[in-house]
Each structure stands twice: as structure tokens, then as C-alpha cells.
Amino acid sequence: MQTVLIGTTVKQDPDILAAYLDSLNRLQTTESSIFYCFIDDNDDPKSSTLLSAFAAEHDAVILPSETTDSYQKDEHTHYWTEALIRKVAALKNKIISYAVEQKMD
């Protein structure tokens, strides 16, 4: 049986995050064990609460963001700066390192 890590940085509005977490709850697999690793980068405390509740229910790991940079977005796009791209890349590298340390497939 494979061990699969679903990992992502999370900075999302509560309604959208709730729908995403619900989709994770609905995953069905018989050939893999699924584990979760999130980096809580939320600005909205409601989103952090949703993420923590999901983590508690699924024994998921939440790693700290350790940065406070934020980005601007509107209904059409996100506005990325080089600093924000580097931040997200570093956070994703953190998740990859966790997966390697835990010997995920």
C-alpha cells in the first residue's frame, strides 16, 4: 500500500476552504493511505479554525508559515511579487521536506 501526502499552503477565504476540505473528506481510496500536511498561512481566523478542525479529525500536520507577507487579489487574479513567489516556493519546499522525512511515496 502506498502512502500519499496531500500537502499545500493554505491562505483561503473560509467558504472556499470549507468546500476544499469537504472535497478531501470525500476522497475514497483502497490502494493508498492518505496523509495531510498543511501550512496555515491564513489571514482570516475562521479559515485557521476550519483547518485546525480538519487536522484534528484526520490527524493531519499543520506547519507554521513563519512569514507574514500577504498578497493582493481581486475577482480576476492574484497579484504576485517576486518576494511572494519565493515565499510560496519556500513553503512548498517545507512540505516536500516533510514528505521525504516521513518516507511518503
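Odds and ends about this structure:
- In summary, GLU66 fulfils each of the numbered conditions (1) charged (D, E, K, R); (2) under 21 Å from GLN102 (Cβ atoms); (3) surrounded by fewer than 11 Cβ atoms within 10 Å (Cβ to Cβ) with the single exception of condition (3).
- Neighbours by Cβ (under 7 Å, 6+ apart or cross-chain): first from the range 41-65, basic (Lys, Arg); second modelled with pLDDT of 90 or more and open to solvent by 20 Å² or more (accessible area, probe 1.4 Å): LYS46/PRO14
- Taken over the range 79-88, the residue count meeting the criterion of being open to solvent by 80 Å² or more (accessible area, probe 1.4 Å) and either within 18 Å of the chain's Cα centre (by Cα) or at pLDDT below 85 (or both) is 3.
- Boolean, MET104 is aliphatic (A, V, I, L, M) and more than 17 Å from the chain's Cα centre (by Cα): no
- If you filter the range 41-61 down to residues that are of a type in the set (D, E, K, R), at pLDDT below 95 and surrounded by 13 or more Cβ atoms within 10 Å (Cβ to Cβ), you find that the one that is farthest from the chain's Cα centre (by Cα) is ASP44.
- The range 37-61, residues that are part of a helix (DSSP H, G or I), in contact with a strand residue (DSSP E or B) (Cβ under 7 Å, 6 or more places away or on another chain) and closer than 25 Å to MET1 by Cβ: ALA55, HIS58
- Residue selected from the range 1-13 under the condition of a type outside the set (D, E, K, R) and outside any strand (DSSP E or B), by the criterion modelled with the lowest pLDDT: MET1
- Filter result for the condition that a residue is free of Cβ contacts under 8 Å to residues at least 60 places away in the same chain, assigned to a helix (DSSP H, G or I) and surrounded by fewer than 18 Cβ atoms within 10 Å (Cβ to Cβ), over ILE34, ILE16: ILE16
The values are calculated or read from the model by the stated rules, or taken from the named source; none is laboratory data. Bear in mind the structure is a predicted one, so any value in this text is a computation, not a measurement. Note that each Cβ is placed from the backbone with ideal geometry, even for glycine, and that neighbours are counted across all protein chains shown. Only protein heavy atoms, including side chains, enter the accessible area calculation; ligands, DNA and RNA are left aside. Shrake-Rupley method; radii C 1.70, N 1.55, O 1.52, S 1.80 Å.
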